[in-house]
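*Asks:* What follows is a single structure, and I will ask about it in a moment.
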Amino acid sequence: PPLMCGGYKGSIAFDASGDYDGANEFQVQISDKDGNFSTPRVIGSGKESPVAFTIPMDIPEGDFYSVRVVSTNPEVESEELTGFVLVPALKAGAIEADPAALCLSGRTWLELKDYTTFGEIEWQMSSDGVNFSPIPGANLPFYSTDELSVHTWYRVRISSFDGTSCADALTEPVKIVV
């Protein structure tokens, strides 16, 4: 089954057959982590197909989640539409620099700590602390800088392996003083 994270935004298209009252609403419901709908949670609603939904951030990890569409007037439940595994949202962690202040043409060692290990790592650098660019080939949890002659900021972007289900996470930038 696909992997999804809390905060994932999607939509479900469906064919509604039959007559529905004007006050009817179609709700997207999520099961518990075992796939049980005894206490479903509404994660999206709308008057017609497709219905947008967002998986809440506070839903616990689990391997057997499902979603379904339910109409409110009359109350009709769809079959379970999809199964998925819910994984924690991506966490960028923090960068430690050793040292954080350098002499001209110095180098430093940067290490990513307390981050999501199931995402892709991309080190980025900036000369102004605002506009960051990826560092080609820098995709491990540590990075040794080139020789620096000006103050330089670094950060890490963590992205999901599939590129769609989890929102990217960014560390706070670290400024290396030269």
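*Asks:* Express in nm, to one decimal, how much length is gained between LEU3 and ASP58 on full extension, taking 0.36 nm for each residue of separation and deducting their alpha carbon distance.
*Replies:* 18.2 nm
*Asks:* Still on this structure: Net charge around THR39, counting only other residues with Cβ within less than 13 Å of its Cβ (Lys, Arg = +1; Asp, Glu = -1)?
*Replies:* Net charge around THR39: 0.
*Asks:* Same structure again: Among (i) 129, 24, 21; (ii) 75, 30, 23; (iii) 163, 33, 21, which one is Cα extents along the principal axes in Å computed from these coordinates?
*Replies:* Answer label, from the structure shown: (ii).
*Asks:* Still on this structure, I have one more. With unit charges on the beta carbons (Lys and Arg positive, Asp and Glu negative) and the dipole taken about the Cα centre of the chain, which residue among VAL174, ALA52, TRP123 sits farthest to the positive side?
*Replies:* VAL174
*Asks:* At 1.4 Å probe radius, can you tell me the per residue accessible area of the chain in Å²?
*Replies:* Per residue, the chain has 56 Å² of solvent-accessible surface.
*Asks:* Would you tell me the accessible area of SER31, worked out with a 1.4 angstrom probe on the heavy atoms of the protein chains, in Å² to the nearest 10?
*Replies:* For SER31, solvent-accessible area is about 10 Å².
*Asks:* Label-point separation (nm) for ASP98 and THR82, each offset 7 Å from Cα along Cα-to-Cβ?
*Replies:* 4.3
*Asks:* I need the phi-derived Karplus couplings for region 88-103: 6.51 cos²θ - 1.76 cosθ + 1.60, θ = phi - 60°, integer Hz, Gly and Pro marked x.
*Replies:* Coupling constants for region 88-103: x, 4, 5, 10, 7, x, 9, 9, 10, 10, 9, x, 9, 10, 10, 7 Hz.
*Asks:* Further question: Using amide H atoms built in the peptide plane, which far-off residues or other-chain residues are under 5 Å from ALA89 H to H?
*Replies:* Here GLY6 satisfy the definition.
*Asks:* Oh, and also: Provide the per-residue ³J(HN,Hα) series for region 132-146, in order, calculated from phi with Karplus coefficients 6.51, -1.76, 1.60 and θ = phi - 60°, each as a whole number of Hz, with x at glycine and proline positions.
*Replies:* 9, 10, x, 9, x, x, 8, 9, 10, x, 9, 8, 9, 5, 6
*Asks:* Between rounded, prolate and oblate, where does region 75-178 land on the alpha carbon gyration tensor, with a ≥ b ≥ c its root eigenvalues, rounded for a/c under 1.5, else prolate if a/b exceeds b/c?
*Replies:* It comes out prolate by the Cα gyration axes.
*Asks:* Compute a Gaussian network model of the chain, connecting alpha carbons closer than 10 Å, and tell me which residue from ALA97, ALA52, ALA13 fluctuates the most.
*Replies:* Greatest mean-square fluctuation among the candidates belongs to ALA13.
*Asks:* Follow-up question, since we're still on this one. Return the unpartnered cysteines for the chain, using a Cβ-Cβ cut-off of under 4.7 Å.
*Replies:* Among the cysteines of the chain, those whose Cβ sits 4.7 Å or more from every other are CYS103.
*Asks:* Summing +1 for each Lys or Arg and -1 for each Asp or Glu, what net charge is found among the other residues whose Cβ lies under 14 Å from the Cβ of ASP114?
*Replies:* -1
*Asks:* Let me ask another. Taking the Cβ of PHE14 as the center, what net charge do the other residues with Cβ under 10 Å away carry, scoring Lys and Arg +1 and Asp and Glu -1?
*Replies:* Residues close to PHE14 contribute a combined charge of -1.
*Asks:* Let me ask something else. Using the Cα centre as the reference, give the magnitude of the dipole from point charges on the C-beta atoms of the chain (Lys, Arg: +1; Asp, Glu: -1; all else neutral), rounded to the nearest 20 debye.
*Replies:* The calculated dipole for the chain is roughly 640 debye.
The values are calculated or read from the model by the stated rules, or taken from the named source; none is laboratory data. Predicted model only: the values in this text are computed from it and were never measured. Cβ atoms come from the backbone with ideal geometry, glycine included; neighbour counts cover every protein chain shown. Accessible surface areas use protein heavy atoms only, side chains included; no ligands, DNA or RNA. Shrake-Rupley method; radii C 1.70, N 1.55, O 1.52, S 1.80 Å.
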